[in-house]
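Readers should treat all values here as calculations from the given coordinates under stated rules, not as data from a laboratory. Being a predicted model, the structure only gives us computed values, none of them experimental. Positions of Cβ are backbone-derived with ideal geometry, glycine not excepted, and every protein chain shown enters the neighbour counts.
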Amino acid sequence: MNGRSSKMKDIKTEYVQTFRDLLQTPSYIYFMNEVYDRLESLKGAFRYKLDISYSIKANPNRSVVRFLGEYIQYYDVSSLGEFNVAMDAGIEPERITFVGPGKTNADLKAALLRGCGYIVAEDEEEIGIINKIGQENKIVQKTLIRVNPLKYVKGFGIYMSSGTAQFGIPEECLEDVIKMAGKMPWIKLSGFHVFTGTQCLSEESLVNNMKNILNIFTEFSGFMDQPSELNIIGAGFGVPYFDRDEKINLKYVGVNIEPYLEDYLNVENFKKAKIALESGRYIIGEAGIYISKVIKVKQARKCTVAILEGGMNHNMAATGNLGTLIKRNYKITTTSNDEKLEDYYIYGPLCTNIDIVAREIKLPTLDAGDIIIIKNSGAYGFSASPLGFITHRIPREYMVLDYNEPPIDITSENNLAYIGH
Ligand SMILES: Cc1ncc(COP(=O)(O)O)c(C=O)c1O
């Protein structure tokens, strides 16, 4: 048995039932009251000593980006498109940090000219290009160096810092690169950025990773000519997508990193510096759901099959096709109130056998028209799915400010317009 019975209704399922007439399907719904609560607990766990940087890639809907503006300090963008989303959401460019291993000269120039707060340089060559563009345009650009650490911390679902990774400057080359950047007049070396991996649910691994990153900041800031201004910890805080996953105990992480954070904050070099925790999925992943109607239910030899309006094309991560090795069911509920529970295979509408939303899941008896609710879909949903595949309708997006309030349609704020043609 792969899935668990989902008869018990939770608050988001109740919401879908209550506002069913106002919600078109298929769609994503983001509960912003939960996003707010999550941000508060994140900040509180570190006693408000860390700023938060939101990774737009997790959910680039402009309304979401705009909403967060009041509650976080920085925005992590990884493309010029994301930069433009942030700008159009009214975010001041000084709050934007621009990361990514494949920035073109045109991307860098646009970012400089538009006043990007910090460019996160991923290699020596990029530092040289920023310096040259700065010289040509008489702009001194605040620049962070992305570090690819030597130490490997176990427990992350996805790594961005292996020996062969394309990200950042290897820690062992850092001293030379800092000295080189220090000689470039149009670069203001302002600190470091480390993002080792993501989807970590182990508190111990998160603490060890943060400890390692703080050590890197401390050691290498010693080679800088001026005090640090901003250092960014790529936190990798994960989401409990599957049944046996446990939520991160933030308090444990906060308490255990506190002494190291205190030591760091007492280093003369960091007294005036900001330190930010960079995160995407932890902030919005659990606060979002994807909903889709059952188009039909049919018998397929040994099992009962339900087919939805959207599957992998709308929510690739939920079908296990976004970097998951073992296919497990996301947490799923339904608006069906049937007393009887049955086993289902749930598929999307695509003509491919990888479009499986759930295997052997027990749900109240489904009929055409019932709504399936896929939880933990707020991050890497809409924008991380192959929406164009087989040319089905794209999902709508809604924002909810509170469980008692009707949904706000934010479909027109999606990021498709920023991709270009
Ligand atoms: C540089 C960087 N920052 C932030 C993130 C956001 O990760 P998450 O949404 O898991 O917090 C990623 C994810 O790939 C990343 O590569």
Would you point out the residue of the range 248-258, among those that are among the aliphatic types (A, V, I, L, M) and part of a helix (DSSP H, G or I), that is surrounded by the fewest Cβ atoms within 10 Å (Cβ to Cβ)? Val255
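Condition check ((1) more than 13 Å from Asp367 (Cα to Cα); (2) out of contact with any Leu (no Cβ under 9 Å at 6 or more places or on another chain)) across all residues:
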| residue | (1), (2) |
| --- | --- |
| Val297 | no, no |
| Cys303 | yes, yes |
| Ala318 | yes, yes |
| Lys327 | yes, yes |
| Ile332 | yes, no |
| Thr335 | no, yes |
Identify the residue in the range 268-296 that is assigned to a helix (DSSP H, G or I) and surrounded by fewer than 18 Cβ atoms within 10 Å (Cβ to Cβ) and, among all such residues, is nearest to the ligand (Cβ to nearest atom). Asn269
If you take the residues of the range 73-108 that are crowded, with 18+ Cβ neighbours inside 10 Å and among the β-branched types (Val, Ile, Thr), which of them is farthest from Asn231 (Cα to Cα)? Val85
Of the numbered conditions (1) among the hydrophobic types (A, V, I, L, M, F, W, C); (2) more than 19 Å from Asp51 (Cα to Cα); (3) surrounded by fewer than 23 Cβ atoms within 10 Å (Cβ to Cβ), Leu261 fails exactly one; give the number of that condition. (2)
Checked the range 198-222 for anything outside any loop (DSSP other than H, G, I, E, B), among the small types (Gly, Ala, Ser) and within 16 Å of the ligand (Cβ to nearest atom); matches are Ser205
Give the range 166-197 a look and list any residue that's within 13 Å of the ligand (Cβ to nearest atom) and within 25 Å of Lys271 (Cβ to Cβ), or say none. Phe192, His193, Val194, Phe195
Note on Asn215: of the conditions (1) over 24 Å from Val255 (Cα atoms); (2) free of Cβ contacts under 8 Å to residues at least 24 places away in the same chain, unmet is (1)
